[in-house]
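Notes to accompany the following structure.
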Amino acid sequence: MASIGRDIMKAMGTMNLRFLCTAALLASFCGVLSGCSDMKIDEVSSPTPTFDFTEFFSGHTRASGWFSDRFGKPRRHFCGDFLGTQDGSVFVLDEKLYYTDGVYEERVWRVEISDSGVFRAESDSLVGAATGQLTGNMLAMEYAMNVKIEEDREWELDMKDFMILQPDGSLHNITHVHKWGIRIGTVSTQYQHHDGDSLCTTLSGQAAE
């Protein structure tokens with residue numbers, strides 16, 4: 001689950017129409033070649049450890065990560081606080097993101113997962129719903145999000161998330177960000193479960209002392 005907000009604005013600000021048109025032609029050509037596409041869940045997932053999304057995100061989880069532009073240059077870092085609770089058949093995940101430049105974002109995800117691992121999530125920042133599949137140690141998810149690139153202008157961007165639970169219990173997420181089928185950036189995130197004493201605001205306060 002990536003939340004990149006103004007990170008994308010900086011990357012998009014350096015992207016002109018000529019580049020996008022050229023990249024679109026390359027992408028259409030790349031589609032017929034092996035090795036050009038994003039990774040697929042059956043290529044990288046493992047039967048163990050089993051990734052139970054609601055179990056992992058129940059209670060407090062802290063995220064840390066960064067957004068890199070299409071050239072791999074890190075643009076901005078962030079820390080995120082997640083609080084997961086069960087509301088009937090819906091798992092509610094409250095997300096708060098703190099960027100190093102002072103920007104703050106908040107959203108609420110409402111998640112439903114079938115017995116077969118079919119994943120669906122809704123949030124007010126999404127265009128439609130996020131959909132995906134849990135398989136073994138991995139969740140592959142796709143969704144579209146409206147992102148402001150100018151004061152009165154928004155672009156609809158497509159996200160592809162790959163959450164992978166590691167043997168040591170840590171969770172890593174890679175988000176590929178696309179516009180018109182062109183990858184324009186990547187968000188890398190690590191998640192750590194805690195008992196509520198390692199919030200981003202708590203850690204930043206300790207660092208300032």
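Just so you know, all these numbers are worked out from the coordinates, no wet-lab data involved. Since the model is a prediction, treat every value here as computed from it, not as a measurement. Neighbour counts run over all protein chains shown; Cβ positions are idealised from the backbone, glycine included.
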Measuring from label point to label point, each 7 Å out along Cα→Cβ, what is the W66 to E122 span in nm?
3.7 nm
I want the antiparallel fraction of DSSP beta bridges within the stretch 51-209, as a percent rounded to 5.
100 percent
Using the Karplus equation 6.51 cos²θ - 1.76 cosθ + 1.60 (θ = phi - 60°), what ³J(HN,Hα) coupling, rounded to whole Hz, does each residue of the stretch 117-130 give in order, writing x for Gly and Pro?
x, 5, 10, 9, 9, 10, 7, 5, 8, 8, 9, x, 10, 7
Extension gain from K73 to Q166, taking 0.36 nm per residue of separation minus the Cα-Cα distance:
30.9 nm
What GluC sites (Glu not before Pro) in the stretch 81-175 are in a loop by DSSP, with at most 15 other Cβ atoms within 10 Å of the Cβ?
E151
Give me the net charge of R107's neighbourhood, meaning all other residues with Cβ under 9 Å from the Cβ of R107; Lys, Arg count +1, Asp, Glu -1.
-4
Within the stretch 47-118, DSSP-loop chymotrypsin sites (Phe, Trp or Tyr not before Pro) with at most 15 other C-beta atoms within 10 Å are F71
Shape category assigned to the stretch 133-201 from the gyration tensor of Cα positions, a/c cut at 1.5:
oblate
